[in-house]
Each structure stands twice: as structure tokens, then as C-alpha cells.
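Q: Sharing a structure below in C-alpha cells format, with a few things to ask.
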Amino acid sequence: MGEPLYRRVVIKLSGEYFAGDQSFGIDQPTIDRIAGDLIAAQQLGVEVAVVVGGGNIFRGVEVSARGVSRPTGDTMGMLATVMNCLALEAAIERRAVPARTLSAMVMPQVCELFTRSAAHKCLSEGRIVLLAGGTGNPYFTTDTTAVLRAAEIGAQAVLKATNVDGVYSADPKKDPAATRFERLSHSQAVEGNYKVMDATAFALARETLLPIIVFSIAEPGSIGAILSGTGRGTIVAG
Ligand code: UDP
């Protein structure tokens, strides 16, 4: 196999995916499969940092619809991402590959705090780094976190794993006429208001000149395929 396209990447995994076929919680076989895919990606010679969502447990907007303040709901969402990271860290380490959860929120009994230097050190030691707690601020998403952290740690791309194989003109699960884009500029992605990723994330990627590759994680090995240049997805760049 040839050289990977990138040396350091941030992979964004949505929490929803962690629930497997359930609508809530953590599905262990799914986590184990993701752990295997991440390890295979790292074995291509890529430094792998992962931003994990929390939508399988809590989303701030949904919690606040039930009467909790939005910042509190968002804090619950950020804590959910920590739980997902700990589950994924355990699944990776069970396969004898070192992983480290770094959190945006201070929680010394649970995991280390995210700093750029801690992330650089862990990546250069060959650990898979799991970035927990989102940005640490309410009103943001883990999509935006992925772009922010990629810019901070000098990653060359953000790989946004979803359940569809790229950015579509409309939701392909609802609209049979939806077409898939092979490539979009950052500005087109921002202006298109595509549901697959939030506009704040695309706008930050435009400002920091970071490519985002949107692809489906449904097929085992898809992360490695994207990194090898043989995968299917939409590239948002330029
Ligand atoms: N969140 C937040 N700030 C951040 C990142 C996430 O407040 O910087 C909260 C927000 O409530 C969000 C929840 O954490 O709904 C889970 O993140 P997200 O919805 O991005 O997860 P995903 O949809 O990827 O599972």
C-alpha cells in the first residue's frame, strides 16, 4: 500500500454512531469495530486524534427543550462525550494499542486536560488521542471542536465520519433526487447549509484552510480507505 495522504488527522465520530442499532447508549460491538478501524488507520503511519460526539447520550438542545437551561444541557452533552471517549479508550487499549483521553474540561480523577503540548506528546508517542468534552463551551458542537482541534494541533485534515458517503444536495434518506458532491469549496459548504456538518465548523475550516472529508463509517475499513486515497467521500477544500 502507498503512502497515506496525511500524516496527522482529526477524525470526528458522532455519538449517534456509538449507539449501534439502539437510539441511546453505547453498543459495545460497534465501539470494538471502531477501535479496530482506528488502529488500522494508525498502522498506515498516520497520527490519529479523534473527536467524539455525545448525541447517543445527551444533546444540549434536546435537554434544554425539557426545561434545563441551554448551558447546563450543553454541559451534560459535553460530559456525554467524555463517557464515549472512555469507552473507546478502553476498547483501543484492550487491543494493546495505547490511547489517551484528553478533555477540554478539568476532571483530574477521570482524564488529563487537553493542551496542545499534551496532544503533541501523546501523538508522537504513538498513542491514539481521544479528545473529550467538546470545546469546553456551550453553544458549540463537536463538529466545530474537530476543526478547532485540528487547527490547534497542526492536523492536515478533518475526517468527518457519518452514516452517508459524503455531502448530498438534500438528505439522501428522504429525497431520492439528492445528488452527492465529489468536491465542494469551503464557501459552498458554508452557504449550502448542508445538514451533515454545522456551518460554524465549515467556516472555521475555511479560515484555517483545513480540508474536511465527509465519508461513511458504515463500511468497516473506511477510515483507512480515505487515508489511502481509495475511499469514497466528499472533500471540502479551497
Ligand atoms: N457540546 C457543547 N460544546 C461543544 C461540543 C459539544 O456544548 O464544544 C454539547 C452540545 O450540547 C452537543 C453535545 O455536547 O449537543 C454533544 O455533541 P454533538 O451534538 O456535537 O455530538 P454528536 O452529534 O456528534 O453525537
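Q: For the chain, what are the per-bin percents of Cα-Cα distances with bins 5 Å wide, up to the bin holding the maximum?
A: All Cα pairs considered, the percentages come to 1, 7, 15, 19, 21, 18, 12, 5, 1, 0, 0.
Q: Continuing with the same structure: Which one, Ser117, Ser23, Val82, is farthest towards the positive end of the dipole of the chain when Lys and Arg carry +1 and Asp and Glu -1 on their Cβ?
A: Highest projection toward the positive end goes to Ser117.
Q: Another one. By counting other Cβ atoms within 10 Å of each Cβ, how are Phe215, Phe18 ranked from fewest to most? Don't jump to the answer; show the numbers that get you there.
A: Working: Phe215 22, Phe18 26.
Ascending Cβ contact count within 10 Å gives the list Phe215, Phe18.
Q: Next question. Hey, for a label at Glu16 modelled as a point 7 Å past Cα toward Cβ, could you say which residues of the stretch 138-152 have their backbone N under 19 Å away?
A: 139-147
Q: Just need the Rg to Rh number for the stretch 152-220, please, alpha carbons only, Kirkwood Rh.
A: Numbers: Rg = 12.3 Å, Rh = 12.6 Å.
Taking Rh as the inverse mean 1/r over Cα pairs, Rg/Rh reads 0.97.
Q: Moving on. Given Cβ point charges of +1 (Lys, Arg) and -1 (Asp, Glu) and nothing else, what value in debye, to the nearest 20, does the dipole of the chain about its Cα centre take? Can you show the working numbers first?
A: Details: 22 positive and 23 negative charges, 45 e Å.
For the chain, the charge dipole is close to 220 debye.
Q: Would you compute, from DSSP H runs of 4+ residues alone, the mean residue ellipticity of the chain at 222 nm, taking -39500 (n - 2.57) per run and dividing by the full residue count, rounded to the nearest 500?
A: On the way: 9 runs with 93 residues, N = 238.
Mean residue ellipticity, 222 nm, calculated: -11500 deg cm²/dmol.
Q: Determine which lysines satisfy two conditions relative to Lys160: a Cα distance under 20 Å, and not lying fewer than 8 residues away in the same chain.
A: Straight-distance partners of Lys160: Lys12, Lys173, Lys195.
Q: Treat the count of other C-beta atoms within 10 Å as a stand-in for reagent exposure and order His186, His120 from fewest to most.
A: Numbers: His186 21, His120 16.
Least to most surrounded, the residues fall as His120, His186.
Q: Kyte-Doolittle mean at least -0.5 and Cα extent at least 30 Å along the axis: which DSSP H helices of the chain qualify?
A: Working: long enough: 70-93 (34 Å, 0.52).
Membrane-span-like by this criterion, though nothing is claimed about a membrane: 70-93.
Q: May I pose another question? Quick one: of the DSSP bridges fully inside the stretch 151-238, what percent are antiparallel, nearest 5?
A: Working: 5 of 12 bridges.
Here the share of antiparallel DSSP bridges comes out near 40 percent.
Q: Using the crude model of +1 on Lys and Arg Cβ and -1 on Asp and Glu Cβ, and no other charge, please compute the dipole size for the stretch 173-223 relative to its Cα centre, in debye to 20.
A: Numbers: 6 positive and 6 negative charges, 26 e Å.
Charge dipole, the stretch 173-223, about its Cα centre: 120 debye, nearest 20.
Q: Once R0 is set to 41 Å, what does the formula 1/(1 + (r/R0)^6) return for the Cβ-Cβ distance between Thr179 and Gln109, expressed as a FRET efficiency to the nearest 0.05?
A: Values: r = 49 Å, r/R0 = 1.20.
Computed FRET efficiency for Thr179 and Gln109: 0.25.
Q: If you don't mind, there's one more thing I want to ask. Which order do the peptides 196-202, 93-99 take when ranked by the mean count of other beta-carbon atoms within 10 Å per residue, highest first?
A: Values: 196-202: 21.0, 93-99: 14.1.
Output ranking for 196-202, 93-99: 196-202, 93-99.
Q: Can you put Met78, Met107, Met83 in order, fewest other beta carbons within 10 Å first?
A: Working: Met78 25, Met107 15, Met83 20.
Least to most surrounded, the residues fall as Met107, Met83, Met78.
Q: In the stretch 31-167, with Lys and Arg counted as +1 and Asp and Glu as -1 at Cβ, which of these residues, Met105, Leu148, Thr135, has the Cα nearest the positive end of the dipole, that is, farthest along it?
A: My answer, from the dipole projection, is Met105.
Q: Relative contact order for the chain: what percent, with Cα pairs under 8 Å and sequence separation of 6 or more? Don't skip to the end; give the middle numbers.
A: Values: 504 pairs, mean separation 52.4, N = 238.
Once divided by the residue count of the chain, the mean separation gives 22 percent.
Q: Put a dot 7 Å past each Cα toward the Cβ at Val68 and Leu209; how far apart are the dots in nm?
A: In this crude label model, Leu209 to Val68 measures out at 4.1 nm.
Read-outs: derived from the displayed coordinates by stated rules, not from any lab. Since we're looking at a predicted model, the values are computed, not measured. Note that each Cβ is placed from the backbone with ideal geometry, even for glycine, and that neighbours are counted across all protein chains shown.
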